[in-house]
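The values are calculated or read from the model by the stated rules, or taken from the named source; none is laboratory data. Source: prediction; values computed, not measured. Quick reminder, even Gly has a Cβ in these numbers, built from the backbone with ideal geometry, and neighbours come from all protein chains shown. Heads up: the accessible areas ignore ligands, DNA and RNA and are worked out on the full protein's heavy atoms, side chains in. Shrake-Rupley method; radii C 1.70, N 1.55, O 1.52, S 1.80 Å.
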Amino acid sequence: METEPQVRLSDYLEQQGRRARSAARVPAAMWDGLLEQAKPAERLGIAREAYGRGLLRLAFRFCESADRADKHLSAALAADILHFAGRPAEALPWAAKAEESRADDLVSSLWDMGGAGRMIRILRDLGRQEEAVEWAKREAEAGDSFSLGMVEFLLDLEGRGQEATEWLKSRGDGGDAYAAWRVAQRLLNAEFLEEAFSWFQRAATMQELSIPVELLEAFRHEGRLDDLLDWLLTLGDDLPVETVRLTAEVLWEAGRGDAALDWFRRAGDLGDGDAETEAANRLREAGRVEEALAWLRASVAAEDDRGSSFEDVRGGALWMAIDILWKTGRTDDALSWLERRAAVGDRRAPLTMGLLLRVEGRVEEAIPWYRIAARVGNSDALEWIVHWLEREGRLREAMDWVRPGAEANNVKSARKLADLLDAEGRSDEAIEWYWRAFEAGDVHALSRVVSGLAGRGTLTSALAELGLQSRAGSSLALRRGAELLWEGQGLEAAVSWLKSLYEAGVTEAAVRAAELLDDCGETGEALVWFRHAADAGNIGYRERGAGFLRSAGRFEEALAWYQEAAAVGEGPVLHDAVEALSEAGRTVEGEALKRWGWEPDGSVSEPWKAPPPSSRRAAGVRDGQGA
């Protein structure tokens with residue numbers, strides 16, 4: 001059972017190297033050297049790294065000097081840095097630069113998630129609402145659908161809904177299909193049905209064919225569904241299948257069953273694979289059983305024509321048809337149909353046959369059909385028959401069913417065989433098969449191995465096995481061992497075991513110890529292990545430790561942890577540090593940090609200027625802190 005852990009002689013050196021690198025700040029001299037020597041094409045990436053560390057001044061300087069090599073994205077990042085810092089007036093010209101260069105740098109602009117929304121947000125933060133609207137209009141008129149939605153949103157936000165509708169109408173008159181559709185939707189929401197319908201028709205001529213359920217319901221409420229249907233029929237196969245299906249459902253709810261069935265049929269013809277079964281289901285609920293069966297037979301035939309693969313027996317037209325026949329006392333008809341389906345290769349049929357016979361109490365007749373189902377590859381067949389045999393107490397027979405798969409290293413079969421052996425009290429064999437299931441990929445089977453060993457009074461053996469697996473890289477073994485000790489011997493024993501693994505080079509043990517102590521409210525010791533976890537190279541544990549300190553009101557320590565997390569590049573934590581200062585009542589310091597950012601040594605930057613693009617220094621020339 002025991003597997004020797006694979007250890008290389010270089011592991012210790014590599015682990016120590018990772019720990020040292022993860023705890024080291026990038027020195028100021030390195031950043032200065034990069035400002036002077038980095039190639040223009042590298043500067044945007046360096047700017048992002050600096051920004052992620054809260055080094056706003058340096059990040060901006062790298063954007064400045066990267067501008068010629070990557071105009072669009074470097075200008076966009078410069079704008080984002082300044083906007084984040086609460087400096088929208090300085091961000092604005094850089095955002096404008098990003099937009100101006102978009103057309104010249106189309107490939108890069110595809111990676112810019114801010115886009116036109118950046119300019120709009122900055123203008124709004126400056127209180128220049130009208131300019132934000134005008135900017136969005138210009139972008140929309142250039143074909144940007146996001147900006148079209150922003151115009152509508154901004155005008156609605158200011159209570160200028162009528163103006164928004166009129167502007168959208170002007171865009172629709174100019175051939176913008178989405179604008180026309182939005183006009184229709186707005187008018188419909190305002191209950192101007194006739195005008196809304198007219199605009200939906202206009203949008204459809206521009207190939208914007210989506211019809212909302214609200215329009216169908218409105219015509220239904222007015223008793224004018226036929227007017228809408230006549231128009232929908234003129235659209236023919238261009239009509240989206242979702243609209244066809246929706247129309248069928250609304251017609252059915254309106255009591256127009258025959259018309260609804262025509263639309264369900266149309267939806268099926270357009271590729272809606274569930275349309276026939278939905279129609280059959282509604283017919284069944286209405287007591288129209290024979291019609292439902294006719295639809296289901298047609299649906300099964302259509303599945304044959306499509307060459308569908310049937311993996312799940314519990315659904316679809318065949319299952320529904322059998323269910324109807326069985327519930328109406330026509331079991332023999334159901335069985336005859338299933339035999340015919342099995343004969344033409346429908347892989348659902350044998351298992352459905354077995355299930356039906358079992359429900360009828362004809363178990364011995366069912367078993368051969370289960371065998372056929374398993375042989376043709378139905379993944380549910382084995383589970384059904386084993387489940388039934390187990391419930392009946394026929395454990396030996398159930399084992400016979402699963403053993404071939406288990407011996408072939410099938411994960412589910414190995415696990416099931418172990419469960420059956422355990423249920424019969426054959427614990428030694430059960431443990432062996434749980435172990436094989438774990439090795440085959442069932443990570444949860446390890447818990448049963450450990451429980452079995454512990455249950456035999458061999459906790460030491462269980463922990464030794466878990467230790468070996470932990471050293472070999474099993475996270476589950478590490479967690480299970482800690483849980484086993486915590487539950488049986490208490491927190492101290494669990495942490496001691498984790499400590500021994502950590503000292504043996506299992507860095508994840510520090511993570512688990514930190515989490516366990518955190519869960520138990522052991523603040524001081526948890527922080528020690530958060531530190532170990534961070535030093536071992538686990539991302540996020542400095543930030544998590546800072547949050548832990550912050551929630552305990554230990555703001556000064558939290559800030560030190562945030563600074564360290566930022567310095568080693570764990571993620572953007574500047575905003576968290578600003579919030580921590582605010583919570584500590586140090587609002588002025590927080591505002592300064594937000595506005596100017598950190599320096600590489602962890603101090604807050606002195607105020608620095610951010611000149612607009614037109615007045616920036618030549619690329620690659622270092623700029624002083626007060627520039």
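Residues of the range 257-282 being open to solvent by 40 Å² or more (accessible area, probe 1.4 Å), under 20 Å from ALA321 (Cα atoms) and in a loop (DSSP other than H, G, I, E, B), which ones? First the steps, then the outcome.
Residues of the range 257-282 open to solvent by 40 Å² or more (accessible area, probe 1.4 Å): 258, 262, 265-266, 269-271, 274, 278.
Right, trim to under 20 Å from ALA321 (Cα atoms) and you get 265, 274, 278.
Answer for the range 257-282, where residues must be open to solvent by 40 Å² or more (accessible area, probe 1.4 Å), under 20 Å from ALA321 (Cα atoms) and in a loop (DSSP other than H, G, I, E, B): just ASP274.
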For this session: Could you look through the range 296-319, keep only residues that are closer than 14 Å to GLU278 by Cα and open to solvent by less than 30 Å² (accessible area, probe 1.4 Å), and pick out the one that is modelled with the highest pLDDT?
Result: LEU296
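If a residue has to be outside any loop (DSSP other than H, G, I, E, B) and under 25 Å from LEU123 (Cα atoms) to count, how many in the range 155-181 make the cut? Can you show your working first?
Taking the range 155-181 first, the residues outside any loop (DSSP other than H, G, I, E, B) are 155-157, 161-173, 177-181.
Pick out the ones that are also under 25 Å from LEU123 (Cα atoms) and you get 155-157, 161-168, 170-171, 179.
Selection size over the range 155-181: 14.
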For this session: Taking only the range 558-580 into account, find how many residues are modelled with pLDDT of 90 or more and among the charged types (D, E, K, R).
Result: 2
For this session: Please name all residue pairs, on different chains or six or more residues apart, with Cβ atoms under 7 Å, provided the first residue is in the range 340-352 and is under 17 Å from PRO368 (Cβ atoms) and the second residue is of a type in the set (Asp, Glu) and open to solvent by less than 50 Å² (accessible area, probe 1.4 Å).
Result: LEU351/ASP380
Exercise. Going through the range 517-558 one residue at a time, which ones are crowded, with 17+ Cβ neighbours inside 10 Å, more than 19 Å from VAL495 (Cα to Cα) and acidic (Asp, Glu)?
Worked result: GLU543
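Give the number of residues within the range 115-131 that are farther than 15 Å from ARG87 by Cα, more than 33 Å from the chain's Cα centre (by Cα) and among the hydrophobic types (A, V, I, L, M, F, W, C).
First, the residues of the range 115-131 that are farther than 15 Å from ARG87 by Cα: 115-117, 129-131.
Of the ones still in play, those that are also more than 33 Å from the chain's Cα centre (by Cα) are 129-131.
From what is left, the residues that are among the hydrophobic types (A, V, I, L, M, F, W, C) are none.
Of the residues in that region, 0 qualify.
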Exercise. Can you tell me which of ALA477, ALA462, ALA445, ALA454 is modelled with pLDDT under 70, crowded, with 19+ Cβ neighbours inside 10 Å and within 27 Å of GLU424 (Cα to Cα)?
Worked result: ALA462
Exercise. Just wondering, is there one or more residues in the range 146-154 that are open to solvent by 50 Å² or more (accessible area, probe 1.4 Å), outside any helix (DSSP H, G or I) and of a type in the set (Phe, Trp, Tyr)?
Worked result: no
Problem set entry | Test: VAL133 is assigned to a helix (DSSP H, G or I), hydrophobic (A, V, I, L, M, F, W, C) and modelled with pLDDT under 90 | no
Seminar exercise, completed: Screening GLU583, GLU606 for residues that are out of contact with any strand residue (DSSP E or B) (no Cβ under 6 Å at 6 or more places or on another chain), modelled with pLDDT of 85 or more, closer than 28 Å to ALA66 by Cα and open to solvent by 20 Å² or more (accessible area, probe 1.4 Å) leaves only GLU606
Exercise. Can you find a residue in the range 352-365 that is open to solvent by less than 80 Å² (accessible area, probe 1.4 Å) and closer than 29 Å to ALA430 by Cα?
Worked result: yes
For this session: Test each condition in (1) modelled with pLDDT under 95; (2) touching a helix residue (DSSP H, G or I) at 6+ places or on another chain (Cβ under 9 Å); (3) open to solvent by 30 Å² or more (accessible area, probe 1.4 Å) for ASP230 and report the one that comes out false.
Result: (2)
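Which one is most open to solvent (accessible area, probe 1.4 Å), of the residues in the range 189-213 that are under 21 Å from GLU242 (Cβ atoms), assigned to a helix (DSSP H, G or I) and not polar (S, T, N, Q)? Before you say what the answer is, go through the steps one by one.
We begin by selecting, within the range 189-213, every residue under 21 Å from GLU242 (Cβ atoms); these are 189, 196-197, 199-213.
Those left that are additionally assigned to a helix (DSSP H, G or I): 189, 196-197, 199-205, 213.
Pick out the ones that are also not polar (S, T, N, Q) and you get 196-197, 199-200, 202-204, 213.
On the way: ALA196: 0, PHE197: 21, TRP199: 16, PHE200: 2, ARG202: 85, ALA203: 0, ALA204: 9, VAL213: 55 Å².
For the range 189-213, the residue satisfying everything is ARG202.
Being of a type in the set (Ser, Thr, Tyr) and more than 37 Å from the chain's Cα centre (by Cα): is that true of SER210 here?
So SER210 does not fit the description; no.
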For this session: Output the residues belonging to the range 413-427 that are open to solvent by 50 Å² or more (accessible area, probe 1.4 Å) and of a type in the set (D, E, K, R).
Result: ARG415, LYS416, ASP422, GLU424, ARG426
For this session: Within the range 592-608, track down each residue that is within 15 Å of PHE84 (Cα to Cα) and out of contact with any helix residue (DSSP H, G or I) (no Cβ under 7 Å at 6 or more places or on another chain).
Result: ALA592, ARG595
Exercise. Helices (runs of 4 or more DSSP H) wholly in the range 469-574 with at least 3 residues that are of a type in the set (Ser, Thr, Tyr) - which ones?
Worked result: 491-503
For this session: Might you let me know whether the range 399-412 holds any residue that is at pLDDT 85 or above, aliphatic (A, V, I, L, M), open to solvent by less than 70 Å² (accessible area, probe 1.4 Å) and more than 41 Å from the chain's Cα centre (by Cα)?
Result: no
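Suppose we filter ILE81, ILE46 for residues that are at pLDDT 95 or above, open to solvent by less than 40 Å² (accessible area, probe 1.4 Å) and either among the small types (Gly, Ala, Ser) or out of contact with any Lys or Arg (no Cβ under 7 Å at 6 or more places or on another chain) (or both); which single one remains? Break it down into steps so the answer makes sense when it comes.
Values: ILE46 fails: at pLDDT 95 or above.
Residue meeting the stated conditions: ILE81.
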Exercise. Somewhere in the range 246-256, is a residue surrounded by 17 or more Cβ atoms within 10 Å (Cβ to Cβ), in contact with a Ser or Thr (Cβ under 6 Å, 6 or more places away or on another chain), in a helix (DSSP H, G or I) and not acidic (Asp, Glu)?
Worked result: no
For this session: Identify, from the list ARG186, ARG128, the residue that is free of Cβ contacts under 8 Å to residues at least 12 places away in the same chain and either in contact with a helix residue (DSSP H, G or I) (Cβ under 8 Å, 6 or more places away or on another chain) or surrounded by fewer than 21 Cβ atoms within 10 Å (Cβ to Cβ) (or both).
Result: ARG128
Exercise. Restricting to the range 155-167, what's the tally of residues that are open to solvent by 40 Å² or more (accessible area, probe 1.4 Å) and within 18 Å of LEU188 (Cβ to Cβ)?
Worked result: 3
Exercise. Would you pick out the residues in the range 334-351 that are over 17 Å from ALA381 (Cα atoms), open to solvent by less than 80 Å² (accessible area, probe 1.4 Å) and in contact with a helix residue (DSSP H, G or I) (Cβ under 8 Å, 6 or more places away or on another chain)?
Worked result: ALA334, LEU335, TRP337
